[in-house]
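A.B. asks: What follows is a single structure, and I will ask about it in a moment.
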Amino acid sequence: MALNIEPPTASFPAAGGNAKHNIVSLSDGRLAFKVKSSNNDHYRVRPVYGFIASKQSAELEIVRKEGPPKEDKFVIQWAEVPDEETDPQAPFKAGAQAGEVILPVKAE
């Protein structure tokens, strides 16, 4: 696994809230990432796309709007990219996904 999420789960009140997680690279190479949500009506995430240098981390901010209690998930896809790549969306448009990690999310 080239990517890890810390903390590995998220929990929000149904009334809404914010959380910060770290996307941690365990790779020896530079990674591009893409964050997908199972519930775009109640969640916003920043950034959706980005790069992480070898053995570094990137902060992921999650905002939950008010809504009914529910279990959802974020899927963080990743692909190894060369240093000269400047567009974090490009590898995914080209179908270069190498793996993914799932962040379970619960609103209570």
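A.B. asks: Applying the selection to region 1-44, what residues are open to solvent by less than 30 Å² (accessible area, probe 1.4 Å), within 13 Å of VAL63 (Cβ to Cβ) and of a type in the set (A, V, I, L, M, F, W, C)?
C.D. replies: ALA10, PHE12, ALA19, VAL35
A.B. asks: For PHE92, which of the numbered conditions (1) hydrophobic (A, V, I, L, M, F, W, C); (2) part of a strand (DSSP E or B); (3) touching a residue at least 60 places away in the same chain (Cβ under 8 Å) fails to hold?
C.D. replies: (2)
A.B. asks: Kindly indicate the residue of region 29-44 that is assigned to a loop (DSSP other than H, G, I, E, B) and either among the basic types (Lys, Arg) or free of Cβ contacts under 8 Å to residues at least 24 places away in the same chain (or both) and also nearest to PHE74 (Cα to Cα) among those meeting that condition.
C.D. replies: So, considering only residues that are assigned to a loop (DSSP other than H, G, I, E, B) and either among the basic types (Lys, Arg) or free of Cβ contacts under 8 Å to residues at least 24 places away in the same chain (or both), the one nearest to PHE74 (Cα to Cα) is ASN40.
A.B. asks: Moving to a separate point now. Scan (1) without any contact (Cβ under 8 Å) to a residue 60 or more places away in the chain; (2) farther than 12 Å from LEU3 by Cβ for the single condition LEU26 breaks and write down its number.
C.D. replies: Going through (1) without any contact (Cβ under 8 Å) to a residue 60 or more places away in the chain; (2) farther than 12 Å from LEU3 by Cβ one by one, LEU26 breaks only (2).
A.B. asks: Among what's in region 57-103 and is within 12 Å of LEU3 (Cα to Cα) and among the charged types (D, E, K, R), pick the residue that is least open to solvent (accessible area, probe 1.4 Å).
C.D. replies: Result: GLU100.
A.B. asks: I need the full set of residues from region 45-70 which are more than 13 Å from ALA10 (Cβ to Cβ), of a type in the set (Lys, Arg) and assigned to a strand (DSSP E or B), in order please.
C.D. replies: ARG46
Per-residue answers, yes or no, for (1) of a type in the set (Val, Ile, Thr); (2) closer than 19 Å to PRO91 by Cα:
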residue: GLY16; (1), (2): no, no
residue: LYS20; (1), (2): no, no
residue: SER27; (1), (2): no, yes
residue: TYR43; (1), (2): no, no
residue: VAL63; (1), (2): yes, no
residue: GLY67; (1), (2): no, no
residue: VAL81; (1), (2): yes, yes
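The values are calculated or read from the model by the stated rules, or taken from the named source; none is laboratory data. In this text, all values refer to a predicted model and were calculated from it rather than measured experimentally. All Cβ positions, even for glycine, are placed from backbone atoms using ideal geometry, and neighbour counts span all protein chains on display. Just the protein is used for accessible areas: all its heavy atoms, side chains included, with ligands, DNA and RNA removed. Shrake-Rupley method; radii C 1.70, N 1.55, O 1.52, S 1.80 Å.
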